[in-house]
Amino acid sequence: MIGAGSSGIAAAKTLHERGFEFDCFEASDRVGGNWVYKNANGMSAAYRSLHINTSRERMEYPGFPMPPSYPDFPHHTHIAAYFDAYVDHFGFRDRITFCTAVERAAPEPGGTWRVTLDTGETRAYDALMVANGHHWDARRPEPAFPGAETFAGVQIHSHEYLGDDPDLFRDKSVVVLGMGNSAMDIAVEASFGAAATYLAARRGAWVIPKYLFGKPLDQYAASPKIPFAVRRKVMQTLLRIQVGDMERYGLPRPDHAFGDAHPTISDDVLSRIAHGEIAPKPNIARLTERTVVFADGSEVEADVVVYCTGYKVTFKFLDEDVISAPDNDLPLFRRVFHPDRRSVFFVGLLQPLGAIMPLAQVQSEWVADHLAGRYALPGPAALRKDIEAERERMFRRYVRSKRHTMQVDYDDYLAALEKERRAGAQRALQAGGELPLPPRARARTPA
Ligand SMILES: Cc1cc2nc3c(=O)[nH]c(=O)nc-3n(C[C@H](O)[C@H](O)[C@H](O)COP(=O)(O)OP(=O)(O)OC[C@H]3O[C@@H](n4cnc5c(N)ncnc54)[C@H](O)[C@@H]3O)c2cc1C
Ligand SMILES: NC(=O)c1ccc[n+]([C@@H]2O[C@H](COP(=O)([O-])OP(=O)(O)OC[C@H]3O[C@@H](n4cnc5c(N)ncnc54)[C@H](OP(=O)(O)O)[C@@H]3O)[C@@H](O)[C@H]2O)c1
């Protein structure tokens, strides 16, 4: 197992409970990954003020609720503490090897994996579970904007933003680029100290509030039994009533229907725009030594540019010809099983409309069923057909962007997985519970 963030601990808990032999390697000195502010692994994108934007009821692991004292949208310190409590509650901390990064995982003939650690040690495993996260490798604009190399001000990516330096924005002119959640939070934060804050975007987004009629918006029943088109229509109408059109705030009109992009959630940004504290702008066209020029030809003095332009999906420990995700695209069967490599499993490598954690737990249980011979995959042709159909549906629906390569609808995904697990359990019965990997499923050292 690679990683003990919120996805890796869900997988480790499952393997621990089911009695598998496994090692979980974590580069950091603690669990929680992204949710550990200033994480020793240098990979966390958390900033000082970060709160979750998926409500706690959507985010908590099945069977392990967050403490009742937590608010609906807890602070990152609450979330990191919750992950720690999860590990202690289920008693598997000693199964995690901390301060140990996997440097390389190479497939061997026969499907086993040769794993090299940063301690220099090499071990062999029957299977690899990958839970290394997908929000740590910053994607800056590619290619860089003309003039970026001679711009005299500060240019950072949102991943570098810690929110602990009051001087970064104070009395400065700040340009924030992007319409995702990082851009919303950072533009709002900048607007409280900066002389001027500009929010630049190459396309519009539906900015949705955390609450609708006093209840976290993501807790509104979104039963997969109701056709998506109907659910979309209802939500879009409710938002029109509560929020209104984006153009009314001076933001670009979204070029897509509600639900066809990863949700941009902010209670504050529209209010700061309404107060004149954030000025919407089109995309950046170029930078000069002291200014930013936008696509409409307008130009502003700028001291700081914050690129909130998303992340790359990267597996540093895998050779590119083994497994990689060019343009963030890695086709997998229901976001877990690789079509060609049957002894590698991905956990949490998906972007739900909803939180990742409960899905990571269900994915882990599914993999454990498979390893125990209680779930059998469909045949290779059916598996590929399923992957292709799912990709086609996703790409048809979502705005073409490197941020939309692994989108799932939370409730629909869970329902589909439950159905697939039942079908696979039948197949496994028919196959007499045949094991997909050698029954030992345990570490053998040294290689
Ligand atoms: C600013 C921000 C806010 C977010 N807010 C939300 C939210 O509100 N709700 C939500 O559901 N999602 C949110 N996300 C998405 C985020 O990806 C998930 O919340 C969550 O962190 C995913 O957990 P993970 O375990 O998959 O990845 P991570 O949290 O990134 O953890 C990966 C772990 O793997 C370890 N690791 C990586 N490589 C190696 C290696 N080679 N060897 C050993 N260990 C390794 C890392 O040290 C780390 O501990 C947010 C993302 C960002 C950037
Ligand atoms: N809990 C929270 O409050 C919180 C806070 C921050 C982030 N997050 C989560 O963290 C993840 C990453 O979010 P993110 O906002 O950092 O990234 P993101 O969702 O990938 O958004 C990137 C934004 O940058 C734009 N962009 C990308 N490349 C560009 C370019 N070259 N020029 C102009 N614009 C460009 C994208 O536009 P296109 O759409 O056109 O590609 C998009 O608007 C998401 O899952 C998000 O929900 C959560």
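The values are calculated or read from the model by the stated rules, or taken from the named source; none is laboratory data. Keep in mind it's a predicted model, so treat the numbers as computed, not measured. Here the Cβ positions follow ideal geometry from the backbone for every residue, glycine too, while neighbour counts run over all protein chains shown.
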Inset, instruction - Taking only the range 2-23 into account, find how many residues are within 13 Å of ligand 1 (Cβ to nearest atom), farther than 20 Å from Pro62 by Cβ and either part of a helix (DSSP H, G or I) or not small (Gly, Ala, Ser) (or both). - result: 2
Legend entry - Residue match in the range 384-407 (condition: touching a strand residue (DSSP E or B) at 6+ places or on another chain (Cβ under 7 Å) and under 26 Å from Phe22 (Cα atoms)): no
Legend entry - Test set (1) surrounded by fewer than 22 Cβ atoms within 10 Å (Cβ to Cβ); (2) within 15 Å of the chain's Cα centre (by Cα) - Leu349 fails condition number: (1)
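Residue-by-condition table, conditions (1) surrounded by fewer than 17 Cβ atoms within 10 Å (Cβ to Cβ); (2) hydrophobic (A, V, I, L, M, F, W, C); (3) at pLDDT 95 or above:
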{"position": "Phe98", "(1), (2), (3)": "yes, yes, yes"}
{"position": "Val115", "(1), (2), (3)": "no, yes, yes"}
{"position": "Ala131", "(1), (2), (3)": "no, yes, yes"}
{"position": "His135", "(1), (2), (3)": "no, no, yes"}
{"position": "Arg140", "(1), (2), (3)": "no, no, yes"}
{"position": "Ala144", "(1), (2), (3)": "yes, yes, yes"}
{"position": "Gly147", "(1), (2), (3)": "yes, no, yes"}
Legend entry - The listed residue being away from ligand 1 (no atom under 15 Å from the Cβ) and either surrounded by fewer than 20 Cβ atoms within 10 Å (Cβ to Cβ) or on the phi > 0 side of the Ramachandran plot (or both), out of Arg403, Arg384: Arg384
Inset, instruction - Would you point out the residue of the range 302-326, among those that are near ligand 1 (Cβ under 10 Å from one of its atoms) and within 18 Å of the chain's Cα centre (by Cα), that is surrounded by the fewest Cβ atoms within 10 Å (Cβ to Cβ)? - result: Lys316
Inset, instruction - Hey, can you tell me all the residues within the range 139-166 that are closer than 18 Å to Leu287 by Cβ and of a type in the set (Gly, Ala, Ser)? - result: Ala144, Gly147, Ala148, Ala152, Gly153, Ser158
Inset, instruction - Kindly indicate whether Arg104 is at pLDDT 95 or above, over 27 Å from the mean Cα position of the chain (by Cα), in a strand (DSSP E or B) and surrounded by fewer than 19 Cβ atoms within 10 Å (Cβ to Cβ). - result: no
Legend entry - Boolean, Ala45 is at pLDDT 95 or above and within 9 Å of ligand 1 (Cβ to nearest atom): yes
Inset, instruction - Only residues that are of a type outside the set (Lys, Arg), surrounded by fewer than 22 Cβ atoms within 10 Å (Cβ to Cβ) and not in a strand (DSSP E or B): list them for the range 271-292, please. - result: Ser271, Ala274, His275, Gly276, Glu277, Pro282, Asn283, Thr288, Glu289
